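Q: Here it is, the structure, as structure tokens.
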Amino acid sequence: MNPHAPSLRESLPPRGADPAWGGPAPDRMSAAHNKTPQTLAQWLVHNAATRGGEVAQRHKREGVWKEFSWTDVRDEVRALALGLRARGVQRGQTVVLLSENRPELYWAEWAAMAVGAKVVALYPDASEAEVDYIVGDSHAVCVFAEDQEQVDKVLPVMARHADLQTVVWWESGGLWSYRNEGLLGWDVFRTAQHDVQPADAAWFDQSVAQGQSNDIAVLSYTSGTTGVPKGVITTHASLMHNADLIARSMHVPEGGEYLSYIPLSWATEQWVGVTMGLMRPLRVSFAERPDQIQEAIRELACEMVFFGPRQWESLAARVHARMLDAPPWRQKVVDWGLRIGRLARADQMDTRARSWWVRALLPVADALVLRPLREQLGLKRSRIAFTGGAAVAPDIFRLFAAMGVMLRNVYGCSEFGLITVHQGARVNAETIGETVAMASAWGVPMEWRVAEDSGLEVRGGAGFAGYWGKPEKTAEKMNGDWFQTGDAVGLGPGTGELVYYDRVEHMSRLKGGHLFSKQFIEVRLRFSPYIREVMVVGDATRERVTALVNIDGEVFGRWAERNGVSFTTFTDLSQRPEVLAQVAREIASVNQALPEAARLTHFVNLPKELDADEGELTRTRKLKRDFIEQRYGVLIDAMYTGRPAATIEIPVRYQDGRAGVLRADVTTGRVPTSAAMET
């Protein structure tokens with residue numbers, strides 16, 4: 001048993017606006033069962049009836065923001081539901097979504113739910129093999145695909161799976177010559193539904209009304225880091241319970257601006273954009289293209305921003321990269337402004353307890369540095385900024401807090417739901433927040449405990465409904481009535497706050513017996529603007545810790561130009577002595593905060609970027625450690641046998657689909673000690 005954690009942590013008293021605990025009156029998301037819609041489709045119909053003229057969604061098209069009211073959205077969803085009925089889609093069947101975030105993606109999901117079907121949202125960059133597996137595993141009967149690129153993945157899959165009868169697209173470019181009986185354009189699919197007859201409207205209302213909160217709403221497939229992906233059964237009750245908890249614990253305002261950017265294959269986006277967008281409700285907007293997210297955030301001045309850890313790290317790297325191009329005097333001004341911001345907002349936005357001179361200088365720093373930084377990043381009105389899905393370096397939290405954006409962690413899992421959130425005025429950057437033990441109309445308070453192996457176990461909430469078609473895998477995750485998250489955690493300094501270490505199976509022990517967390521080191525290394533990805537290596541057969549590093553080619557490209565370092569390709573840049581020396585300094589600075597036995601001694605810069613299409617990363621950009629360690633084994637051996645360099649040949653896949661082989665000579669880098677750095 002972890003000596004610093006109790007064997008069982010009973011549920012904490014609910015915080016915030018919960019009338020059962022003496023708080024203020026409930027908001028509309030926490031009403032009693034008999035007054036509250038019990039499915040997402042019922043929420044949509046409810047919103048159309050009670051606030052039909054209000055703006056529900058916006059989508060930028062050809063440079064202009066087009067608005068859709070709740071009535072507009074209801075009509076679009078009804079037309080699609082009638083189209084699904086015409087194609088024979090029935091209650092309990094599966095509909096797959098394959099697209100970037102846009103209103104049509106939401107409409108298709110809600111339409112499927114309106115007819116009683118469940119949905120699977122795939123990453124837009126999913127490969128044909130991934131689409132094939134999930135279509136077959138979920139027994140999908142219909143796929144909504146955005147454009148030709150997505151349709152080209154689905155048509156071969158359609159030929160292999162008899163259940164899949166319909167593919168619907170909404171961007172026609174390149175598809176005019178395609179001939180397939182089951183392939184339909186968006187307008188053709190719903191043309192006959194424009195003039196909705198009273199009988200059709202009555203059928204739609206009746207179909208929506210039949211829905212129950214325990215109906216399956218979504219199958220959220222796991223990333224497959226430990227085997228084939230598994231479909232997590234997610235009910236309407238689970239979606240609504242978790243959306244309610246996030247909204248209340250983070251005090252999300254009704255009608256807030258939200259930009260939908262995170263793929264719907266993430267459970268968190270299903271809780272926030274899809275479900276909370278209906279229940280709170282929010283005004284949910286969509287950028288014209290994925291590469292215009294930052295521009296859209298600036299235009300909308302969103303009050304609530306949700307990015308994954310990699311996106312927050314990318315924003316931080318952008319700030320650092322721009323400073324590389326700035327003249328020295330400007331760099332000093334920015335450093336001064338951020339230093340004042342850190343002193344003023346170290347762990348909370350309330351600055352009243354700070355020294356008088358810090359409070360006096362903060363408005364100057366804000367005007368000269370911090371406000372312009374927020375505006376450039378599109379965060380000038382962001383009141384609620386949060387992240388989830390993976391660990392985040394504490395320095396990321398501190399950087400954005402200095403700018404005036406208090407970043408908060410949302411931690412949970414697809415199977416169980418929300419577990420912790422940073423709440424209140426203070427945010428401890430070293431933790432993943434306080435446990436959320438509130439009840440809702442769809443779930444009971446959560447309980448949690450820490451097992452002997454430091455693994456977090458939970459029960460309560462909306463419950464774990466199991467894995468689709470895999471009862472044996474469902475049983476493996478349960479310890480009695482406790483769900484085993486598989487995450488190793490410890491207790492933070494505050495009541496109910498948890499510190500995330502790593503996956504239980506990824507906690508590592510060196511040959512000398514020292515226990516350490518690879519991910520704990522990796523998230524701190526990724527704070528460096530020069531390091532995009534990193535995989536720490538070390539186990540019971542090895543006496544020391546090393547790392548495989550992916551440099552940030554864009555940042556190092558600017559750095560090389562500024563420092564007069566010539567290079568040709570990414571491979572060439574990664575092996576330049578000057579680049580190796582800079583990466584060594586970045587690692588050495590992180591080493592100073594680590595126990596001596598866990599400090600990195602050697603590293604290599606990989607000659608190519610890690611790629612999800614080549615099986616090195618999951619679609620959520622998590623490392624596939626076993627595969628990477630096998631693929632780059634020759635480089636790992638070089639670090640542990642003391643060889644100064646190694647030659648590697650690895651298969652690669654180019655953006656145009658061609659396959660090839662990359663051959664490169666890779667140098668083994670040594671990390672200087674702190675004494676050497678001072679010298």
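The values are calculated or read from the model by the stated rules, or taken from the named source; none is laboratory data. What you see is a predicted model; the values in this text were computed from it and never measured. With ideal geometry, Cβ positions are generated from the backbone for all residues, glycine too; neighbour counts draw on all protein chains shown.
Q: Would you pick out the residues in the stretch 444-474 that are hydrophobic (A, V, I, L, M, F, W, C) and either within 18 Å of residue 505 (Cβ to Cβ) or crowded, with 19+ Cβ neighbours inside 10 Å (or both)? Step through it out loud before you land on a result.
A: First, pick out the residues of the stretch 444-474 that are hydrophobic (A, V, I, L, M, F, W, C): 444, 446, 448, 450-451, 456, 458, 462, 464-465, 468.
Listed by number, the residues that qualify are 446, 448, 450, 451, 456, 458, 462, 464, 468.
For every residue, the table says whether it meets (1) surrounded by fewer than 19 Cβ atoms within 10 Å (Cβ to Cβ); (2) basic (Lys, Arg); (3) assigned to a strand (DSSP E or B); (4) at pLDDT below 85.
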residue	(1), (2), (3), (4)
354	yes, yes, no, yes
360	yes, no, no, no
367	yes, no, no, no
372	yes, no, no, no
375	yes, no, no, no
379	no, no, no, no
392	no, no, no, yes
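Q: Another question, if that's okay. Checking the conditions here, which among 512, 557, 469 is over 24 Å from the mean Cα position of the chain (by Cα), in a loop (DSSP other than H, G, I, E, B), outside the structural domain of residue 417 (by TED's automatic domain parsing) and of a type outside the set (A, V, I, L, M, F, W, C)?
A: 512
Q: For the stretch 599-633, name all the residues that are outside any strand (DSSP E or B), aromatic (Phe, Trp, Tyr) and modelled with pLDDT of 95 or more.
A: Once the filter is applied, which keeps residues that are outside any strand (DSSP E or B), aromatic (Phe, Trp, Tyr) and modelled with pLDDT of 95 or more, the stretch 599-633 yields only 632.
Q: Of the residues that make up the stretch 654-666, is at least one within 26 Å of residue 541 (Cα to Cα), in contact with a Pro (Cβ under 7 Å, 6 or more places away or on another chain), at pLDDT 95 or above and in the same structural domain as residue 613 (by TED's automatic domain parsing)?
A: Among the residues of the stretch 654-666, at least one is within 26 Å of residue 541 (Cα to Cα), in contact with a Pro (Cβ under 7 Å, 6 or more places away or on another chain), at pLDDT 95 or above and in the same structural domain as residue 613 (by TED's automatic domain parsing), which makes the answer yes.
Q: Applying the selection to the stretch 253-278, what residues are over 19 Å from the mean Cα position of the chain (by Cα) and crowded, with 23+ Cβ neighbours inside 10 Å?
A: Answer for the stretch 253-278, where residues must be over 19 Å from the mean Cα position of the chain (by Cα) and crowded, with 23+ Cβ neighbours inside 10 Å: just 278.
Q: If I filter the stretch 462-470 for residues that are out of contact with any Phe, Trp or Tyr (no Cβ under 6 Å at 6 or more places or on another chain) and within 29 Å of residue 525 (Cα to Cα), do I get at least one hit?
A: There is no residue in the stretch 462-470 that is out of contact with any Phe, Trp or Tyr (no Cβ under 6 Å at 6 or more places or on another chain) and within 29 Å of residue 525 (Cα to Cα).
Q: Scan the helices (runs of 4 or more DSSP H) fully inside the stretch 52-138 and keep the ones with 3 or more residues being without any contact (Cβ under 8 Å) to a residue 40 or more places away in the chain and under 22 Å from residue 148 (Cβ atoms). Explain how you work it out, then say what you get.
A: Working: elements: 70-86, 103-114, 128-138.
Ranges flagged: 128-138.
Q: If residue 501 meets every condition in (1) at pLDDT 90 or above; (2) more than 30 Å from residue 94 (Cβ to Cβ); (3) part of a strand (DSSP E or B); (4) of a type outside the set (Val, Ile, Thr) apart from one, which number is that one?
A: Looking at each condition in turn, residue 501 falls short on (1).
Q: Considering only residues that are crowded, with 20+ Cβ neighbours inside 10 Å and of a type in the set (A, V, I, L, M), which ones fall in the stretch 591-614?
A: 598, 600, 604, 606, 610
Q: Same structure again: Any residue at all in the stretch 423-440 that is in the same structural domain as residue 408 (by TED's automatic domain parsing), at pLDDT below 95, surrounded by fewer than 21 Cβ atoms within 10 Å (Cβ to Cβ) and outside any loop (DSSP other than H, G, I, E, B)?
A: Within the stretch 423-440, one or more residues are in the same structural domain as residue 408 (by TED's automatic domain parsing), at pLDDT below 95, surrounded by fewer than 21 Cβ atoms within 10 Å (Cβ to Cβ) and outside any loop (DSSP other than H, G, I, E, B).
Q: Since residue 173 meets every condition but one in (1) more than 22 Å from residue 145 (Cα to Cα); (2) more than 23 Å from the chain's Cα centre (by Cα); (3) not aliphatic (A, V, I, L, M), which condition does it not meet?
A: Result: residue 173 fails condition (1) only.
Q: Here's another thing I want to ask about it. If you check every pair at least six apart or on different chains, which have Cβ atoms under 8 Å apart with a residue in the stretch 565-582 that is under 20 Å from residue 533 (Cβ atoms) first and a residue that is of a type in the set (S, T, N, Q) second?
A: 574/605; 575/605; 575/667; 579/605; 580/605; 580/667
Q: Select, from 298, 330, the only residue that is in a helix (DSSP H, G or I) and closer than 30 Å to residue 264 by Cα.
A: 298
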